[in-house]
Structures are given as structure tokens and as C-alpha cells.
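Take a look at the structure set out below.
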Amino acid sequence: MISINVTLKYSPMPVSVERKETVDAEALYAQITTAMRSPTPELLELTCEKQTEKKVAIMSDQISAVILSQKDGSNSTGKTPGFFNLAQVES
């Protein structure tokens with residue numbers, strides 16, 4: 001699965017949808033970035049291929065970032081790509 005995370009202005013939690021195929025995920029990423037570049041706000045309606053009942057509609061002028069990341073067995077620790085945790089060292 002490929003995850004597309006959309007960060008919205010004034011919202012601490014990203015909106016996340018998933019695609020099964022890389023081509024589909026990259027097409028959605030391109031659609032979102034094109035809408036972000038548009039001078040007029042657009043309504044983007046997103047669906048998730050993993051949770052088919054999941055639907056979300058967002059205005060393109062409220063998007064501050066979009067992240068495309070691979071979700072596979074090597075990332076099963078629950079860590080978000082692009083972020084890290086500092087391990088607490090005991091003395």
C-alpha cells in the first residue's frame with residue numbers, strides 16, 4: 001500500500017488515504033499538487049482503497065503539504081516516514 005498524507009492548515013492531524021498501486025498513488029499526488037498550485041480553490045474528493053467506506057472532501061487552498069510514502073513490512077514499527085524518535089538513554 002502507498003499512503004498519501006495531506007496536511008491541512010490549522011489542523012494538527014493529516015488526512016490520509018491509501019492506494020494499492022504506485023501509479024495510482026502518484027496520479028493522486030499529482031492531482032493534489034496541481035490543485036495546490038491553482039489560483040482558485042478547488043474541492044478535492046478523496047477515497048481510500050484500503051478502507052473503501054472512507055471518503056473525505058477538502059479545499060485545495062487549505063492544503064499545506066502532501067506526502068507520498070510506501071507502507072510495507074519494513075515500516076511496521078508505526079513510525080511516520082520523514083520523522084524520527086530520539087531514544088531515551090538510561091544511565
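The values are calculated or read from the model by the stated rules, or taken from the named source; none is laboratory data. Model, not experiment: these values are computed from the prediction. Backbone-built Cβ (ideal geometry, glycine too); neighbour counts: all protein chains shown.
Listed here are the residues, each with its yes/no results for (1) loosely packed, with under 12 Cβ neighbours inside 10 Å; (2) touching a helix residue (DSSP H, G or I) at 6+ places or on another chain (Cβ under 9 Å); (3) in a strand (DSSP E or B); (4) at pLDDT 95 or above.
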position: Tyr10; (1), (2), (3), (4): yes, yes, no, no
position: Met13; (1), (2), (3), (4): yes, no, no, no
position: Ser16; (1), (2), (3), (4): no, no, yes, no
position: Gln31; (1), (2), (3), (4): no, no, no, yes
position: Gln51; (1), (2), (3), (4): yes, no, no, no
position: Val56; (1), (2), (3), (4): no, no, yes, no
position: Ser69; (1), (2), (3), (4): no, yes, yes, no
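Output the residue which, of all residues in segment 28-43 that are of a type in the set (A, V, I, L, M, F, W, C) and more than 13 Å from the chain's Cα centre (by Cα), is farthest from Ile2 (Cα to Cα). Among those that are of a type in the set (A, V, I, L, M, F, W, C) and more than 13 Å from the chain's Cα centre (by Cα), it is Leu43.
Within segment 44-55, being closer than 15 Å to Arg19 by Cα, of a type outside the set (D, E, K, R) and over 12 Å from the mean Cα position of the chain (by Cα) holds for Gln51, Thr52. Return the total of residues in segment 1-27 being within 11 Å of the chain's Cα centre (by Cα), more than 10 Å from Val66 (Cβ to Cβ) and among the hydrophobic types (A, V, I, L, M, F, W, C). Final tally of qualifying residues: 5.
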